Amino acid sequence: MNRKVLVVTGMLVVLNALAAPALAQKVTLKFSAHWLSEQRRPTITKIIDTWNQRNPNIQVEYTGVPFDQIITKTIAGVAAGNAPDVVVLDIRTTKQRAAKNQILDLNALGANTIKSGFYPNLWSTATYNGKQYGLPFVTDTRVLFYSKAAFREVGLDPNKPPKTWDELWSYAQKLDKKDGNRWTRIGFHPNFGDFGYAGWLTNAGDSFFDKNNEEARANNASAVKVLAWMKKWTDKYGANNYAAFKASFGGGAQDEFMSGKVPMVVKNGNYLTTLRVNAPNLQYGFVAVPTEDGKQDGTSSWGGGFNVEIPRSTKYPKQAFAFAKYLTTEGAKVWAAEQNDLPGYQVARLGNKNPNFIKLANNLKYTYVDTVPLYAPSYETAINKAVDDVLLRDKDPKPALDEAQTAIAKQVADGKRDAAR
């Protein structure tokens, strides 16, 4: 009997020893994203709670970080060895972090096995030197929102929104309102909303860079033409009036569109959720962004979005990837249904039957997802200066863009030199 007791005891010791590593694998992952608002926070909490309930040995703790701080804080955390294990960052800049070895190659963790489930153009935003450094979570598309009530007020058919740049101009003339010398309603301005000069240049079928997104061509003929077109709008209203009117926009229901100050504006499609929350009774429509000739193609709108990345400082790469995979597949279904954001995972959008959501999804075929040039990540500073010089200081577009071209070309040269070190 003593021998049997010894054998059984020995077996228990061995089994406990084998179980010890599994118990030691219970980890807590730090997860960061920029979702802090009352609109966004409940959905990400639901997604995380579902994961935590199913995975008691891999718990996730969420920290919201303001959008304008999250990249800087993540990179600082990588250098210090205390970055989040999983982080949601700008889809346009993933390659920047990959090139600097700040995030992990996810193919080594199995990302290539789920590649086919994601939209190829989104997947490619995180591909660098043949390796995959992020999983697409959500993307977006920009559309023209217009006030049906304002259209009816001035005799415009709300079922026939503008399709061309010329129609934008003629519709805006009818929608404009003045009280004496003061503008109380500006029908449209291409620099209101969140499309911007870069968006209108894309809409015109061109770019500030070459086809490889490396060499600057900021002063190309299309860029000059588009900026001159934007100046035409500013000259119509007056530079000071334009600036003062823009400065009057508030937040929430007091923004340019919901307040009624601007009855046509190009915004991110996820503005639908903002409208539902802040202006549920507003009569509005939305359509594809008008183009110069009225025809839509793959660059008529532009989109951004967010990738899920794993900073290289993580101590738990396998567990981090497991959560990242869940977040961008099953989690994306929940996010798409509740937030009306367009997921990178193809089947995740099928659960949202909302007609507006489907309409936005259909606009993706007209949407170009841009990435920041590898050698000139700060090029927009020079472009924004050119825009301000032209719209606010009455500078001619060509010399303003020549100046931007010189500045950006220097950034590219410096970036290439630094990359070669």
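Of the residues screened, S207 is one that is within 25 Å of the chain's Cα centre (by Cα), of a type in the set (S, T, N, Q) and part of a loop (DSSP other than H, G, I, E, B).
Taking first residues from region 189-208 that are closer than 25 Å to K177 by Cβ and charged (D, E, K, R) and partners that are assigned to a helix (DSSP H, G or I) and open to solvent by 10 Å² or more (accessible area, probe 1.4 Å), the Cβ contacts under 9 Å between residues at least 6 apart in sequence or on separate chains come to D194/Y271. Residues of region 381-397 that are buried (at least 17 other Cβ atoms within 10 Å of the Cβ) and under 24 Å from T299 (Cβ atoms): A382, I383, A386, V387, V390, L391, P397. Filtered by the rule that a residue be of a type in the set (D, E, K, R) and under 19 Å from the mean Cα position of the chain (by Cα), region 78-118 gives D90, R92, K95, R97. If I filter region 101-128 down to residues being touching a residue at least 24 places away in the same chain (Cβ under 8 Å), out of contact with any strand residue (DSSP E or B) (no Cβ under 9 Å at 6 or more places or on another chain) and surrounded by fewer than 16 Cβ atoms within 10 Å (Cβ to Cβ), which single residue comes out as nearest to P373 (Cα to Cα)? Checked region 101-128; the qualifying residue nearest to P373 (Cα to Cα) is N101.
Of the residues that sit in region 185-214 and are surrounded by fewer than 17 Cβ atoms within 10 Å (Cβ to Cβ) and touching a strand residue (DSSP E or B) at 6+ places or on another chain (Cβ under 9 Å), which one is nearest to T291 (Cα to Cα)? So the residue we want is G205.
Checked against (1) in a helix (DSSP H, G or I); (2) in contact with a Lys or Arg (Cβ under 8 Å, 6 or more places away or on another chain); (3) among the aliphatic types (A, V, I, L, M), L374 meets all criteria but (1). Residues being in contact with a strand residue (DSSP E or B) (Cβ under 9 Å, 6 or more places away or on another chain), assigned to a helix (DSSP H, G or I) and open to solvent by less than 40 Å² (accessible area, probe 1.4 Å): count how many of those fall in region 243-276. The number of residues fulfilling the criteria is 5.
When restricted to residues that are open to solvent by 30 Å² or more (accessible area, probe 1.4 Å) and either over 26 Å from R40 (Cα atoms) or under 16 Å from the mean Cα position of the chain (by Cα) (or both), region 57-77 contains 6.
Looking only at residues in region 301-332 that are assigned to a helix (DSSP H, G or I) and touching a Pro at 6+ places or on another chain (Cβ under 7 Å), which one is surrounded by the fewest Cβ atoms within 10 Å (Cβ to Cβ)? Going through the qualifying residues, I end up with T328. If we scan region 164-176, do we find a residue that is assigned to a loop (DSSP other than H, G, I, E, B) and surrounded by fewer than 20 Cβ atoms within 10 Å (Cβ to Cβ)? Within region 164-176, one or more residues are assigned to a loop (DSSP other than H, G, I, E, B) and surrounded by fewer than 20 Cβ atoms within 10 Å (Cβ to Cβ).
The values are calculated or read from the model by the stated rules, or taken from the named source; none is laboratory data. Note that the coordinates shown come from a computational prediction; the quantities given were computed from them, not determined experimentally. Every residue, glycine among them, receives a Cβ derived from its backbone with ideal geometry; neighbour counts consider all protein chains shown. Areas reflect the complete protein model, heavy atoms only, side chains present, ligands, DNA and RNA absent. Shrake-Rupley method; radii C 1.70, N 1.55, O 1.52, S 1.80 Å.
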